[in-house]
1. When residues of the range 69-107 are filtered for being part of a helix (DSSP H, G or I), modelled with pLDDT of 95 or more and surrounded by fewer than 19 Cβ atoms within 10 Å (Cβ to Cβ), how many remain?
2. Does at least one position in the range 26-33 carry a residue that is surrounded by fewer than 18 Cβ atoms within 10 Å (Cβ to Cβ), at pLDDT below 95 and over 29 Å from residue 155 (Cβ atoms)?
3. Taking the stated definitions as given, is residue 11 at pLDDT 95 or above and in contact with a strand residue (DSSP E or B) (Cβ under 8 Å, 6 or more places away or on another chain)?
4. Quickly run through the range 6-47 and pick out the residues that are closer than 17 Å to residue 76 by Cβ and more than 12 Å from the chain's Cα centre (by Cα).
């Protein structure tokens, strides 16, 4: 199995196969609207705008599992991201990233690249970088700022 074997629902309910991102470098992020790290949306959007024309995608997955920091509806979350941060990268429906009801994509990502303290996602804005072959290359802690991932993205885009 790899990244391309999964699918998820966009904010509008449309089922998207990760296969659509074949050949692209992808950053998958679990997001939250009311978190101290929420300003990372700004850095993510900058990354996306800088590299999207070179084959880079960001996929945002809102999650309410950490201190209930994304309790709004999918529509409210989407409006918040657009109005406050101008988010233009793809946002998916709210999911669980941990536990029995974790989204299958996140079960896969966590199994492929464990964190510092094990498999589970510790907080909002954990990031997974996927290469053009659908392989998970690296996992970044929530506190790693998006712009600090630039070199890794550039190196994958050059290959």
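The values are calculated or read from the model by the stated rules, or taken from the named source; none is laboratory data. Note that this is a predicted model, so its numbers are computed, not measured. Here the Cβ is made from the backbone with ideal geometry for all residues, glycine too, and neighbour counts use every protein chain on show.
1. Matching residues across the range 69-107 total 2.
2. Of all residues in the range 26-33, those surrounded by fewer than 18 Cβ atoms within 10 Å (Cβ to Cβ) come to none.
Looking for residues that are surrounded by fewer than 18 Cβ atoms within 10 Å (Cβ to Cβ), at pLDDT below 95 and over 29 Å from residue 155 (Cβ atoms), one finds none in the range 26-33, hence no.
3. no
4. Result: 9, 10, 11, 12, 13, 33, 34, 35, 38.
For every residue, the table says whether it meets (1) under 19 Å from residue 43 (Cα atoms); (2) in contact (Cβ under 8 Å) with a residue 12 or more places away in the chain.
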| site | (1), (2) |
| --- | --- |
| 106 | no, yes |
| 109 | no, yes |
| 118 | no, no |
| 123 | yes, yes |
| 131 | no, yes |
| 137 | no, yes |
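Matching residues to (1) under 19 Å from residue 6 (Cα atoms); (2) in a loop (DSSP other than H, G, I, E, B); (3) at pLDDT 95 or above:
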{"residue": "109", "(1), (2), (3)": "yes, no, yes"}
{"residue": "122", "(1), (2), (3)": "no, yes, no"}
{"residue": "125", "(1), (2), (3)": "no, yes, yes"}
{"residue": "133", "(1), (2), (3)": "yes, yes, yes"}
{"residue": "148", "(1), (2), (3)": "no, no, yes"}
{"residue": "153", "(1), (2), (3)": "no, no, yes"}
